[in-house]
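The values are calculated or read from the model by the stated rules, or taken from the named source; none is laboratory data. These figures come from a predicted structure and were not determined experimentally. So basically every Cβ, Gly included, is an ideal-geometry build from the backbone, and we count neighbours across all protein chains shown.
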Amino acid sequence: MAEDVLTPEHSLVAHQFEDAGQQREASRLGMWAFLSTEILFFGAVFVAYAVYRLRWPDDYRQGSLELKWYLGAINTAVLLLSSFFMALGVHASELGQNSRLIRNLILTIVLGSLFLAIKATEYYLEYEDGLVPGASFRMEPPPEEAGSGFARAVKSFERAISRAPKGQGEVARRTRAEEQFMVFYFIMTGIHATHMVIGIALLCVLVWMARRRKFSAAYNNPVEITGLYWHFVDTVWVFLFPILYLLRNP
Amino acid sequence: MATIPGDLPYIPAYEAPPTYLNVAHTVRSWLLTKDHKRIALLYLFSITFFFAIGGVAATIMRVHLLAPAGLLVEEMTYNKLFTMHGVIMVWFFLIPSIPTTMGNFLIPLMIGARDLAFPKLNLASWYLFMAAGFFILLALLLGGVDTGWTFYTPYSSRSSNTYVTLAVLAIFINGFSSILTGLNFIVTIHTMRAPGMTWFRLPLFCWSHYATSLVMVLATPVLAITLALVGIERVFKVGIFDPAIGGDPVLMQHLFWFYSHPAVYIMILPAFGVVSELVTCFSRKRPFGYEFIAFSSLAIAMIGFLVWAHHMFVANISIYAGMAFSLLSFLVAVPSAIKVFNWTATLYKGSVALDTPMLCALGFIGLFTLGGLTGVMLATLGFDVHVHDTYFVIAHFHYIMVGGSVIAYFGGLHFWWPKMTGRMYNEWAGRIAAALIFLGFNLTFFPQFVLGYLGMPRRYHSYPPEFQVYNVLSTAGASILAVGYALPFFYLLWSLRYGRLAGPNPWRATGLEWQTTSPPPKDNFEKIPVVTEEAYAYYKLAPQGMAALGSVAAAEARETGGGES
Ligand SMILES: [Cu+2]
């Protein structure tokens, strides 16, 4: 070992690997294997949701109607944009452009955080609406004038953009199955948000590493596999958005 | 080279190079180790501990069932005992047993690598396992769980007032430990093979662990989320599976068995790998139909995902679904039978030596065959309705999991013990233990086939008097089995200090793991080997090797000047 010259590239190869190529192959495959676990993890909830949605189509549709579809749509755009910057970041790291990498990672973090902020706002409005399952779930939708000033402002905004003639947009009395829809809504978006938080934490670590010049054109595995993860979480949302928000017509 | 002043040349004293065991001695060097071999030993200690706890629960139940009215415990305690026995044996012993100990230890050695692809993840998986173990022990100490290991709703979500949430949390965490192990194996086998180690030169042990890992990675997340949903339903009182508030308990069963049937293959596929190694080594022959054994593991892993509802024939699933699942379940028997026939054909005209590991392997083949055939019976719709939830089912899956997996685990442990520790255990003690386990096992579980066929339901703390004779037989068998399990604990520990030094290859086996020292150095090989031939080149050792090699017992006999020759 003593005669080995410690090149910068060499020092980044962990001792169990022969060379950087093997290490890159392993980390890529590792992330793909992990994502296949994740697909099954989300898949089980998707299946349960599908089973119940087919069993109680009307209740679930009513549940979808009570979600803020426009917030979901904005969030979809935010997340797709974040994935775009993530891809630019991976590309920059492949070219060894460190400052471009950092810039794109930070933009990804900002957009990811914006997504979470909008999601939190949605959760808050749903709480005001009595849509959170369990003890605080209300079978009667609360009257329009109830709730905080912010919640009322959102309601009048919704009325303004609604195409339904006045009176028809009213939401009917809620059902147990609609509460179940909300259970799945919170579980699915909640698991997704947890993945977002983990992703943002990973991106912060990447920024810290990039600042310390850990990456080069020859070594960018962490950026690449975090990118894979980020795109995956993004893709999950691309499925969640339509099945939760957009299945609104009978 | 250091030189010493003066004329005398420097002669370094001979020092054996450090092994993975004595390279460092601190507690820290064990608890923060990233060496796959040390992590394997950490797992070995942990699962031995859990095996003992699960065994105690089983012992209390068997003693209790000596009398029709029950001897020892109340109904509720009995429920908690069989739940703890199931939960601990399944998730804290059987699932991790062979993969995390022998798999961890041997896969890098067998493929000629310095370590697994992700040593830190490997250590993390052990810590997750211990965290899960902490929570399950906490649930046990606080008062236990009474739902059965299957956690069926609505009982687990509404009725039970025991520590269900804690238990499902433990299994949730345990699942991630299992996923990390599987992921690590998949990546390691794909990317870390030594030069020349092609897929079809891989030992069959690696093939079966590869198949196991696929199941771990693809099935375990479904269990994790299902139990998370049970926990959420229980804590927040929302309707996911509870029919009273709009849920569907049968959906829970579907999701549960989507994991828990493939989980059977997480338990048995590694055992197939062990047995393939043992049968070839102690027949001194290359395995008959290597490719068939290799691919049948993958076939079992894949078909295993399509059969889960055979656990639910009486849960009001449609008759057509029942027929489809019944047929698919029959199909699993095909690759399983291919393995059994191939092992048998490997024995044929082999130079068979009946050392302890081989006794275990032969026991495995017989017991697994019986377990598998009764499995085919259970997959038959009509017969299943008759014996559903009876001791017939208990006997069937214990033949697979105890007669199969646990015996293979012991066989593998004896086979690779000299590699792990550098010492030989006492061969006759090993043979006696193997014989006791085989006899005790059959006496314990064969009467349960009869009991189940006659109609004794599982999970009952009392029974009609006419069933007593079978229960007494079963308990008698269990006590022999307990002695058989306890023996290795003592003589293996004894061997650590007093056992004969094993040398690199005490069994004259082929395979890369035998080409390095015992115990291996920290980085496994002084130089990464270059592989030029298959893993089972036993034909090279014949014919002059054949007579000279013989079994270890024969060698011992020669040393002591005794019989056999
Ligand atoms: Cu099954």
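Does B:THR198 satisfy being over 25 Å from the mean Cα position of the chain (by Cα) and away from chain A (no Cβ under 14 Å)?
For B:THR198, the condition - over 25 Å from the mean Cα position of the chain (by Cα) and away from chain A (no Cβ under 14 Å) - is met.
Determine which single condition A:GLU158 fails, assuming it passes every other condition in (1) within 22 Å of A:PHE115 (Cβ to Cβ); (2) charged (D, E, K, R); (3) exposed (fewer than 12 other Cβ atoms within 10 Å of the Cβ).
Among (1) within 22 Å of A:PHE115 (Cβ to Cβ); (2) charged (D, E, K, R); (3) exposed (fewer than 12 other Cβ atoms within 10 Å of the Cβ), A:GLU158 violates only (3).
Do we have any residue at all in segment B:124-144 that's in contact with a Gly (Cβ under 7 Å, 6 or more places away or on another chain) and within 14 Å of chain A (Cβ to nearest Cβ)?
Looking for residues that are in contact with a Gly (Cβ under 7 Å, 6 or more places away or on another chain) and within 14 Å of chain A (Cβ to nearest Cβ), one finds none in segment B:124-144, hence no.
Testing B:PHE185 on (1) among the hydrophobic types (A, V, I, L, M, F, W, C); (2) within 14 Å of another protein chain (Cβ to nearest Cβ); (3) surrounded by fewer than 24 Cβ atoms within 10 Å (Cβ to Cβ), one condition comes back false. Which one is that?
Looking at each condition in turn, B:PHE185 falls short on (3).
When residues of segment A:173-185 are filtered for being facing chain B (nearest Cβ under 9 Å) and within 23 Å of the chain's Cα centre (by Cα), how many remain?
Result for segment A:173-185: 5.
Exactly one condition in (1) within 14 Å of chain A (Cβ to nearest Cβ); (2) farther than 30 Å from B:ASN524 by Cβ; (3) in a helix (DSSP H, G or I) is not met by B:LEU109; state its number.
In the conditions (1) within 14 Å of chain A (Cβ to nearest Cβ); (2) farther than 30 Å from B:ASN524 by Cβ; (3) in a helix (DSSP H, G or I), B:LEU109 misses (2) alone.
Any residue in segment B:275-294 that is among the hydrophobic types (A, V, I, L, M, F, W, C), more than 12 Å from chain A (Cβ to nearest Cβ), in contact with a helix residue (DSSP H, G or I) (Cβ under 7 Å, 6 or more places away or on another chain) and free of Cβ contacts under 8 Å to residues at least 60 places away in the same chain?
Yes: one or more hits.
Taking segment B:148-172 as the region of interest, how many residues are surrounded by fewer than 24 Cβ atoms within 10 Å (Cβ to Cβ) and within 14 Å of chain A (Cβ to nearest Cβ)?
Matching residues across segment B:148-172 total 1.
Residue by residue, here is whether (1) within 14 Å of chain A (Cβ to nearest Cβ); (2) among the hydrophobic types (A, V, I, L, M, F, W, C) holds:
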{"residue": "B:THR226", "(1), (2)": "yes, no"}
{"residue": "B:ILE232", "(1), (2)": "yes, yes"}
{"residue": "B:GLY239", "(1), (2)": "yes, no"}
{"residue": "B:PRO243", "(1), (2)": "yes, no"}
{"residue": "B:ASP248", "(1), (2)": "yes, no"}
{"residue": "B:HIS261", "(1), (2)": "no, no"}
{"residue": "B:PRO270", "(1), (2)": "no, no"}
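Please find, among B:LEU541, B:LEU501, the residue that is of a type in the set (A, V, I, L, M) and at pLDDT 90 or above.
Exactly one of B:LEU541, B:LEU501 is of a type in the set (A, V, I, L, M) and at pLDDT 90 or above, namely B:LEU501.
For B:VAL215, which of the numbered conditions (1) among the aliphatic types (A, V, I, L, M); (2) touching a Phe, Trp or Tyr at 6+ places or on another chain (Cβ under 7 Å); (3) away from the ligand (no atom under 16 Å from the Cβ) fails to hold?
Unmet for B:VAL215, out of (1) among the aliphatic types (A, V, I, L, M); (2) touching a Phe, Trp or Tyr at 6+ places or on another chain (Cβ under 7 Å); (3) away from the ligand (no atom under 16 Å from the Cβ): (3).
Are any of the residues in segment B:281-293 on the phi < 0 side of the Ramachandran plot, surrounded by fewer than 18 Cβ atoms within 10 Å (Cβ to Cβ) and in a helix (DSSP H, G or I)?
Looking through segment B:281-293, at least one residue is on the phi < 0 side of the Ramachandran plot, surrounded by fewer than 18 Cβ atoms within 10 Å (Cβ to Cβ) and in a helix (DSSP H, G or I).
Out of curiosity, is B:PRO221 in contact with a helix residue (DSSP H, G or I) (Cβ under 8 Å, 6 or more places away or on another chain) and at the interface with chain A (Cβ under 7 Å from one of its Cβ atoms)?
Spelling it out, B:PRO221 is indeed in contact with a helix residue (DSSP H, G or I) (Cβ under 8 Å, 6 or more places away or on another chain) and at the interface with chain A (Cβ under 7 Å from one of its Cβ atoms).
Go through segment A:222-231 residue by residue and tally those that are surrounded by fewer than 19 Cβ atoms within 10 Å (Cβ to Cβ) and under 17 Å from the mean Cα position of the chain (by Cα).
2
Which helices (runs of 4 or more DSSP H) sit wholly inside segment A:16-100 and have at least 3 residues that are under 15 Å from A:THR235 (Cα atoms), at pLDDT 95 or above and more than 10 Å from chain B (Cβ to nearest Cβ)?
Because the criterion is at least 3 residues that are under 15 Å from A:THR235 (Cα atoms), at pLDDT 95 or above and more than 10 Å from chain B (Cβ to nearest Cβ), the helices (runs of 4 or more DSSP H) in segment A:16-100 that meet it are A:69-94.
Just one of B:ALA263, B:ALA224, B:ALA244 is within 16 Å of the ligand (Cβ to nearest atom) and either of a type in the set (A, V, I, L, M) or crowded, with 24+ Cβ neighbours inside 10 Å (or both); which is it?
Criteria check complete, one pass: B:ALA263.
Would you be able to say whether some residue in segment B:291-309 is over 21 Å from B:PRO99 (Cα atoms), away from the ligand (no atom under 16 Å from the Cβ), of a type outside the set (S, T, N, Q) and over 17 Å from the mean Cα position of the chain (by Cα)?
yes
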